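Take a look at the structure below.
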Amino acid sequence: MGGHSIRNLQLTPLSAVATAVDSGDLEDVRLLDSYDTDDVSDSKIDEGMKRIQVEVTGMTCAACSNSVESALKSVNGVLTASVALLQNKADVVFDPTLIKDEDIKNAIEDAGFEAEILHEPSTLVKMPHGTLVGQFTIGGMTCAACVNSVEGILRNLPGVKRAVVALSTSLGEVEYDPSVTSKDDIVNAIEDAGFEGSFVQSSEQDKITLGVVGVYSLIDRQVLEGMLSSMKGVRQFRFDHISSALDVMFDPEVLSSRSLVDGIHGGSNGMFKLHVRNPYTRMASKDVGETSTVFRLFISSLFLSIPLFFMRAVCPHIPMLYSLLLWRCGPFLIDDWLKWALVSFIQFGVGKRFYIAAGRALRNGSTNMDVLVAVGTTVSYIYSVCALLYGALTGFWSPTYFETSAMLITFVLLGKYLECLAKGKTSDAIKKLVELAPATAILVVKDKGGRSIAEREIDSLLIQPGDTLKVIPGTKIPADGVVTWGSSYVNESMVTGESVPVLKEVNASVIGGTINLHGALHIQATKVGSDTVLSQIINLVETAQMSKAPIQKFADYVASIFVPTVVSLALLTLLCWYIAGSIGAYPEEWLPENGNHFVFALMFSISVVVISCPCALGLATPTAVMVATGVGAKNGVLIKGGDALERAQMLKYVIFDKTGTLTQGKATVTTAKVFTGMERGEFLTLVASAEASSEHPLAKAILEYARHFHFFDDSSVTTDTQNIAKELKSGWLFDASDFSALPGRGVQCFIDGKRILVGNRKLIVENGLDISTEVENFVVDLEERAETGILVAYDDILIGVLGVADPLKREVSVVIEGLQKMGIMPVMVTGDNWRTARAVAKEVGIQDVRAEVLPSGKADVVRSFQNDGSIVAMVGDGINDSPALAAADVGIAIGAGTDIAIEAADYVLMRNNLEDVITAIDLSRKTFSRIRLNYVFAMAYNAVAIPVAAGVFYPSLGIKLPPWVAGACMALSSGVSAKALDHLIEFLSNNEMIT
């Protein structure tokens, strides 16, 4: 190993590390921003808290994960800690002002497990979190007045929290928010003040792991280390010559990951070739390595156990061989020597892992499956050794049970191997998602004028925001971005679940991991690394798999008392049979040849220890949750945790928002009627001018209708600021002032000094205007046709009505019928009037309707259904649905909706398809029915197996399980658990949806 660390002036540590940047831009809200596991699931991480993930090696069962969790929670400064057994990971939220990352790692290692801090697979430029401390050189300062001048200028910059300048060293230290002010802005401010400025380093730190090809000798290694030592921005590095892995810690404000790779490649004249190692791939290879290790141990134990079985069961029937085994060599027979040697290697060589794991558990005051194995095999081994020594000393030879110990270890390893295979299959979903991202990308190199001058292939993990990438037909899009040239159809089914290819033209957004089908495209990367949609889906699935369903608490409690209970039962079995034999309660014929009451009782006791199996109980929930979240992600249903999965199977009500959820969200104006002498064109221009600043879907429909009326233009209308400005500049819209949106009513503004109102009846009546019978009848007629009547008043006179229809999604009726068949009551909530709401509900088959509900009142509707303890789901897509989604027991956001709605939800439907509501609920029900079956099997197995092993039925039925048979039963139970998991994966995958 080689290492290097830059020696430089120390930066002042930040007092707190902010965990999020509140940009206020909805486009930058991420899927995961609101999701935290366990105790933080209902609230954001407090300001200044830090979250890390740690890989934990050595956990074998639920008791291990519980002991690691307890060790972490006992550390002062740790807010929450969640440990996932199947992923071998710990998710920890802590106060960085009290403890460091290393303290977390040390706590896990003190508990007897190996730990490694997992750095985000960033390796890329990403938005810095919170504030940075930057160090700048400032030349030209001559006195204290200069220092004060520079400090004053720096402190006045937006985003700068603190600035300190030292005249003696010509250095300045600035704490700033990089989302507001960049390091270049600070340098420019210094230079504008008449001084020389340059950036030195920042407090930000990033890590990248590279695979290096070309290091074949000590000289090559020294050349590589020398290049890294002289590279500005590199803080630390470590090269492992065995795996050819290079870990580099660097300052991303000074050095980008691509510059680092290019610098090494160019500086070595191409001698060193580097590629970024994906963290997910590295972890997958570790899982494969663990499975291979267990399999190798199992095969070793099996081959060493076969001679033992041969000597005991076969050799006695072959006189020549048996006579050789009965030769005496020293105090013992050849048979005894061979058994002792073979079993010793199995016991302490192959079985060493059980002693290590058992010792680790006992040091932490907990017990696990390894304790049972270690106790059972050790007792059998020690008894056999003592029996041999006792026979050599006294001449009284008791039977030995060496093969019992060997076969126990063999069968237990078989069970472990089957469990490893089962665990590996549960992570297939993550592997498949990771494989969606292409390994390389074609970077379009441009000159200063923006002209393309070359193309080069780069590692896709080295893409930076702003890069122009070429995507040829048939290849995957390497990052989220915007099309800058070309047009093509893109298959997005692997990410969104939508099977129909989507046309992508200039300015269209594209998602990394999707497939370009036909034409060549140039895209500009906008989101890379952990900010991409694919990375967020992977993180969401991974975090959900780490979360614990409430039902898991039962299994954790049973696991915590299981081993002590079994050991107590084994001791009780030993005492009962030994005392019964001593007082003559059973005949001497039951004893083995040359045996005694103690040996007879001991074999029952060992059988009790080794037949019991807590594994099926501990793995039932986490494996099922992993499979369900993986199958869900494959089908476009993202589940944010085991608790949400558990609640969904108990749903009684599903509340649907109408606009954009039951309907297509593409409202169209069907009719426009003027009730005064105003021209139709003038009326539409007035209404469009009033609605131009509104974000409501109905406003977009009205603006589109008015434009089409004037210009016969079918292009879709959006109401962002730029488009509004264009509409106003084009001259056909009037200038509107004092615009205000009135939630649940409409909008009002002033045009030419006269007030215009556009909205529902409530808005008109509240402003003291009368609605004539003619207008009322026209509106009622619209509402009975499931259309919405928009009333327009100008200068306090009701001048006209617009009829707006929002077509229902084609699958709504099928989904409503499906929910009713599942025993779930569908409910519709809308801000629309009662007549329109009832017409829509009647068309789709919904009986329970809540109409004229203000956006703030949707959450109250949810709570009204929860009052009797019912489990309620809310399905919505808009910003105004987010309070109701958060208030519901299960919030389901339509993926085509807004980011804020997605943030507040427990389930995210990537496709804009309501059939996925059925998929989500059905997936939850199937998953938890399997979990319950696993629990029943695990409890029933132990409830039946332990009494049989203890010899409860031996006096009446003559049923007796030797310890090695008990071990085989335990391995078989693990195999059944693994097979049940296989069946679960196949079952959920093949039964994706019912309707």
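The values are calculated or read from the model by the stated rules, or taken from the named source; none is laboratory data. Predicted model only: the values in this text are computed from it and were never measured. For neighbour counting, all protein chains shown are included, and Cβ atoms are generated from backbone atoms with ideal geometry for every residue, glycine included. Just the protein is used for accessible areas: all its heavy atoms, side chains included, with ligands, DNA and RNA removed. Shrake-Rupley method; radii C 1.70, N 1.55, O 1.52, S 1.80 Å.
What to note about this one:
- Meets criteria (in contact with a Phe, Trp or Tyr (Cβ under 7 Å, 6 or more places away or on another chain), touching a residue at least 12 places away in the same chain (Cβ under 8 Å) and open to solvent by 20 Å² or more (accessible area, probe 1.4 Å)) for residue 808: no
- Test: residue in region 282-293 that is more than 30 Å from residue 433 (Cα to Cα) and part of a helix (DSSP H, G or I): no
- Long-range neighbours under 8 Å by Cβ, at least six apart or interchain, first residue closer than 22 Å to residue 442 by Cα within region 252-270, second crowded, with 18+ Cβ neighbours inside 10 Å and of a type in the set (D, E, K, R): 257/206; 261/459
- For region 217-271, the set of residues classified as part of a strand (DSSP E or B) and among the basic types (Lys, Arg) consists of 235, 238, listed by residue number.
- For region 188-209, the set of residues classified as open to solvent by 20 Å² or more (accessible area, probe 1.4 Å) and not in a loop (DSSP other than H, G, I, E, B) consists of 188, 191, 192, 196, 198, 199, 200, 201, 207, listed by residue number.
- Positions within region 84-108 being part of a loop (DSSP other than H, G, I, E, B) and under 13 Å from residue 68 (Cβ atoms), in sequence order: 85, 87, 88
- Residue 647 falls short on exactly one of the conditions (1) modelled with pLDDT of 85 or more; (2) of a type outside the set (Val, Ile, Thr); (3) not assigned by the TED database to the domain that holds residue 840, and that condition is (3).
- Checked against (1) modelled with pLDDT of 75 or more; (2) closer than 25 Å to residue 414 by Cβ; (3) among the β-branched types (Val, Ile, Thr), residue 334 passes all but condition (2).
- Subset tally (residues that are at pLDDT below 85 and part of a strand (DSSP E or B)) for region 877-907: 2
- Residues of region 328-385 that turn out to be in a loop (DSSP other than H, G, I, E, B) and under 18 Å from residue 112 (Cβ atoms), as a count: 6
- Residue 842 vs. criteria under 24 Å from residue 912 (Cα atoms) and open to solvent by 60 Å² or more (accessible area, probe 1.4 Å): yes
- The listed residue being in contact with a helix residue (DSSP H, G or I) (Cβ under 7 Å, 6 or more places away or on another chain) and of a type in the set (Ser, Thr, Tyr), out of 170, 198: 198
- Number of residues in region 341-352 that are surrounded by fewer than 17 Cβ atoms within 10 Å (Cβ to Cβ) and within 16 Å of residue 383 (Cα to Cα) equals 3.
- Tabulated pairs, region 636-652, first among the β-branched types (Val, Ile, Thr), second assigned to a strand (DSSP E or B) and open to solvent by less than 10 Å² (accessible area, probe 1.4 Å), C-beta under 9 angstrom, 6+ apart or interchain: 637/907; 637/908; 637/909; 639/907; 639/908
- Checking residue 804 against (1) touching a Lys or Arg at 6+ places or on another chain (Cβ under 8 Å); (2) modelled with pLDDT under 90, the condition it does not meet: (1)
- Of the strands (runs of 3 or more DSSP E) that lie entirely inside region 606-696, those containing 1 or more residues that are within 30 Å of residue 923 (Cα to Cα) span 637-639, 653-657.
Every residue, every condition in (1) at pLDDT below 85; (2) out of contact with any helix residue (DSSP H, G or I) (no Cβ under 6 Å at 6 or more places or on another chain); (3) open to solvent by 30 Å² or more (accessible area, probe 1.4 Å), yes or no:
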{"residue": "211", "(1), (2), (3)": "yes, yes, no"}
{"residue": "224", "(1), (2), (3)": "no, yes, no"}
{"residue": "251", "(1), (2), (3)": "yes, yes, no"}
{"residue": "276", "(1), (2), (3)": "yes, no, no"}
{"residue": "301", "(1), (2), (3)": "no, no, no"}
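- Given (1) within 30 Å of residue 458 (Cα to Cα); (2) at pLDDT 80 or above, index of the condition residue 179 fails: (2)
- Residues of region 57-68 that are surrounded by fewer than 23 Cβ atoms within 10 Å (Cβ to Cβ) and assigned to a helix (DSSP H, G or I): 66 alone.
- Remark: pairs (first residue in region 440-453, touching a residue at least 40 places away in the same chain (Cβ under 8 Å); second residue surrounded by 17 or more Cβ atoms within 10 Å (Cβ to Cβ); Cβ separation under 6 Å; 6+ apart in sequence or on different chains) = 444/468; 444/470.
- Scoring residue 865 on the criteria (1) part of a helix (DSSP H, G or I); (2) closer than 21 Å to residue 917 by Cα; (3) free of Cβ contacts under 8 Å to residues at least 40 places away in the same chain leaves a single failure, condition (3).
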